[in-house]
1. Tell me, yes or no, whether the stretch 220-239 has at least one residue that is open to solvent by 10 Å² or more (accessible area, probe 1.4 Å), among the polar types (S, T, N, Q) and within 24 Å of Ala159 (Cα to Cα).
2. Against the condition open to solvent by 30 Å² or more (accessible area, probe 1.4 Å), in contact (Cβ under 8 Å) with a residue 40 or more places away in the chain, β-branched (Val, Ile, Thr) and more than 30 Å from Thr187 (Cβ to Cβ), how does Thr57 come out, does it pass?
3. If you go through the stretch 63-94 one residue at a time, how many are of a type outside the set (A, V, I, L, M, F, W, C), within 19 Å of Ile10 (Cβ to Cβ) and not in a loop (DSSP other than H, G, I, E, B)?
4. Could you tell me which residue of the stretch 71-80 is nearest to Cys277 (Cα to Cα), considering only residues that are buried (at least 19 other Cβ atoms within 10 Å of the Cβ) and touching a residue at least 40 places away in the same chain (Cβ under 8 Å)?
5. When you check Lys46 against the structure, is it touching a residue at least 24 places away in the same chain (Cβ under 8 Å), basic (Lys, Arg), open to solvent by 40 Å² or more (accessible area, probe 1.4 Å) and not in a loop (DSSP other than H, G, I, E, B), yes or no?
6. What's the number of the condition Val312 fails, among (1) among the hydrophobic types (A, V, I, L, M, F, W, C); (2) out of contact with any Lys or Arg (no Cβ under 9 Å at 6 or more places or on another chain); (3) at pLDDT below 95; (4) not in a helix (DSSP H, G or I)?
7. If the requirement is being in contact (Cβ under 8 Å) with a residue 24 or more places away in the chain, hydroxyl-bearing (Ser, Thr, Tyr) and more than 22 Å from Cys277 (Cβ to Cβ), which of these qualifies: Tyr200, Tyr138, Tyr157?
8. Checking Lys68 against (1) at pLDDT 95 or above; (2) over 20 Å from the mean Cα position of the chain (by Cα); (3) open to solvent by 30 Å² or more (accessible area, probe 1.4 Å), only one condition comes out false. Which one?
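The values are calculated or read from the model by the stated rules, or taken from the named source; none is laboratory data. All figures in this text were calculated on a predicted structure; none of them were measured in a lab. Positions of Cβ are backbone-derived with ideal geometry, glycine not excepted, and every protein chain shown enters the neighbour counts. Just the protein is used for accessible areas: all its heavy atoms, side chains included, with ligands, DNA and RNA removed. Shrake-Rupley method; radii C 1.70, N 1.55, O 1.52, S 1.80 Å.
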Amino acid sequence: MIPNQPVGIIGWGAYIPQHRIKVKTIATVWGTYTERVTEGLGIEEKAVAGPDEDTITISIEAAQNALKRSQIEPTEIGAVLAGSESPPYAVKPTGCTVAEVIGTTPNILAADLEFACKAGTEAMQFCMGLVSSGMIKYGLAIGSDVAQSAPGDDLEYAAAAGGGAFIIGKLDGKAAASINASNSYVTDTPDFWRRAEQPYPKHGGVFTSQSYFQHVINAGKQLMNDLQMEPQDFQHAIFHQPNSKFPEKAAKELGFTSEQIRVGKLVSKIGNTYAGCIPLSLSAVLDVAQGGDNILVVSYGSGAGSDAFHIVVQDAIEDKRELAPTVQDYVDRKDYVGYACYAKWRRMIIGLDVKK
């Protein structure tokens, strides 16, 4: 997928809740051998949404930061697309609330998207098409999650909260980066799912790892082949991070080095933020990348599919960095909570109505 008219990222923004819980704390509660958990996942701690935070508040914070860097008027945005697998409402769109708060309503296309952890990157693809076709001037693509996991499940050690947002417009002197091309690789693979009205997802064991590598590697390889590019042509590479080892293995199989994925690899410090993972990782790279840097981005969503992007950083990025908090600012801003507080906030204690 190559845009008819060149498009780019005009502004980017991130948000990570300040609360953290140590993986060791979770493992101790369930009597799990801590070294096995921490070494196997490569995760030290994860971000936890507070009692007054959800995917809507996270999306708003990230969108406001993206607006600050874009330096455009909110009313110039023609679409707000919010991707998540943990919206607070079953029937009421996140996109409408975000649009209202940031000041883009009422003449706006607002929609929610879902494709597990790649819901945010498909929002980027939709905005690319809408902008390139000339239907809208700017589009806002958001990926955010307050990830769900059953108490005691392996997913609980990684499932985290956070999100990122991008304002996409035509490539001009305002753009921080160009989005040159994208492609998707999708199959019906039962690796991870959650039925309607069920509070927690289930996962298909070995299918989870097999599906991840099948989709991520094929999507990344196909995009590089189509563009006639090699791993050494990229300064940065970003792969979805359900744990620390999966992106490292995917990078190695595709021919990338550990240094190329270092900046965007956040999972060990904040956990797997699901639909927020790739938007946060790309934001972290944009926070430090230099003009001319090539970035390969490959998302992954259970069900299953991957979206790959070729992004090139523009010189205008230098004027935008300091206009909003960086990802590292949010990573460093933290306080720790115990398991009881975490379980209460996440409504894991059945029958408890959390007021504060």
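1. no
2. Details: open to solvent by 30 Å² or more (accessible area, probe 1.4 Å): yes; in contact (Cβ under 8 Å) with a residue 40 or more places away in the chain: no; β-branched (Val, Ile, Thr): yes; more than 30 Å from Thr187 (Cβ to Cβ): yes.
Criteria not met by Thr57.
3. Restricting attention to the stretch 63-94, the residues satisfying the condition of being of a type outside the set (A, V, I, L, M, F, W, C) are 64-65, 68-71, 73-76, 78, 83-89, 92-94.
From what's left, within 19 Å of Ile10 (Cβ to Cβ): 64-65, 68-71, 73-76, 78, 83.
Still in the running and not in a loop (DSSP other than H, G, I, E, B): 64-65, 68-70, 74-76, 78, 83.
So the count comes out to 10.
4. So, considering only residues that are buried (at least 19 other Cβ atoms within 10 Å of the Cβ) and touching a residue at least 40 places away in the same chain (Cβ under 8 Å), the one nearest to Cys277 (Cα to Cα) is Val80.
5. no
6. Single failed check for Val312: (3).
7. Tyr138
8. (2)
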